[in-house]
1. Spin-label point model (7 Å from Cα, Cβ direction): what's the A317 to Y287 distance in nm?
2. May I ask you to list the lysines whose Cα is less than 23 Å away from that of K97, ignoring any residue fewer than eight positions away on the same chain?
3. Fully extended, how many nm does the chain gain between E326 and V85 (0.36 nm per residue separation, minus their Cα-Cα distance)?
4. Grab the beta carbon distance between A196 and S237, set R0 = 25 Å, and tell me the FRET efficiency rounded to 0.05.
5. So who's got an amide H within less than 5 Å of the one on G168, skipping anything under 5 residues away but keeping other chains? H placed 1.01 Å off N, in plane.
6. Checking the cross-link filter: which aspartates and glutamates have an alpha carbon closer than 15 Å to that of K325, excluding same-chain neighbours under 8 positions apart?
7. Is there a quick way to get the dipole size of the stretch 27-174? I mean about its Cα centre, with the Cβ of Lys and Arg at +1 and of Asp and Glu at -1; what is the value in debye to the nearest 20?
8. Using 0.36 nm per residue of separation minus the Cα-Cα distance, give me the extension gain between A226 and E163 in nm, one decimal.
Amino acid sequence: GGYGNRTASLVQQVVWAEEYVRAKAPPRSGHIGEKLLAPTLIAHGGEEQKRRFLPPVARGEELWCQGYSEPGAGSDLAGVRTAAVREGPSYRVTGQKIWTSLAHEADWCFVLARTDPDSRRHHGLSFLLVPMDQPGRVEVRPIRQMTGTSEFNEVFFEGAVAEHVVGGEGNGWRVAMSLLGFERGVSTLAQQIGFAEELGRVVRAAVESGAADDPVVRDRLVRQWAELRAMRWNALSTLGDARDAGAPSVAKLLWGGWHKRLGELAMLVRGADAAVGPADWSPSAPYELDVLQHLFLFSRADTIYGGSDEVQRTIIAERVLGLPKEPRG
């Protein structure tokens, strides 16, 4: 039936993505469109929307970014204030999004906005598709990170025009949660192959530095390997099972914490050399990081972006364990 077909389709996507990573192909610039928007459109979009947006995503002709988090609604996604007012067949979008990955390169942004001004929390939200090339109406400001790079951005909408709403007006929360299921769950299977390569680098660094002779370090390395295997089996066991409300949150907790601990372990096995850059640093030039230093600094954010660990635990507590809801203003 439909459930079986959906699972088979997900398996095909996972196999393709894993083989792409194993081939050490370059990172795909359109991964937000491919891994997040495309399966969401397949599940919730109209036929016209699928015909319009899926082919350019598949061909890499249109790049996408994700307009969810706001300065006052990061992990608390239901608190979004970005507003969208209907004007005939389209909407005017006004508000601010933050931590928007690759917005400086994107052609389109899928935006969670409030289309009912009298609504609260997860009610009255809509999932809009907004073109980024709207001078004077869409402004992107890069956010410089401690890695020296600027993958994240602030995005300001000042009456930006959106002509497409996915899943119908007012159904944005349902669509947004479906998308987060793709982001936090089975899409990480290919990511885990990259994690395995990073773990291999850390093991080699431990051998080269002599840290691998320490039984405590060896124990931590083995633990990282075992947890990575458990992470994979967990993802496979929940593949395509949309009925498990806690599965995406469990997956996010597993890989976010694992990757952060790997970054810390990378610095531990390097010892004092971990604080030394590969080139002379100068106040007048951007500093350089080697691969393991970048891993350590960037992975500090893994337990925050995509929904913080605290929020994931709250979801599991309320939706899976049935514990009393957390008080909210």
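The values are calculated or read from the model by the stated rules, or taken from the named source; none is laboratory data. In this text, all values refer to a predicted model and were calculated from it rather than measured experimentally. FYI the Cβ positions are ideal-geometry reconstructions off the backbone, even for glycines, and counts take in every protein chain you see. Ligands, DNA and RNA are stripped out before the accessible areas are found, and what is left, the full protein with its side chains, is counted by its heavy atoms. Shrake-Rupley method; radii C 1.70, N 1.55, O 1.52, S 1.80 Å.
1. Label-label distance for A317 and Y287, simple model: 3.7 nm.
2. Candidates past the 8-residue exclusion: K35, K252.
3. Numbers: separation 241, 0.36 × 241 = 86.76 nm, distance 3.11 nm.
Gain on extension, E326 to V85, equals 83.7 nm.
4. Working: r = 19 Å, r/R0 = 0.75.
So the FRET efficiency works out to roughly 0.85.
5. none
6. D76, E310
7. Working: 17 positive and 19 negative charges, 59 e Å.
It works out to roughly 280 debye.
8. Values: separation 63, 0.36 × 63 = 22.68 nm, distance 4.77 nm.
That works out to 17.9 nm of additional length.
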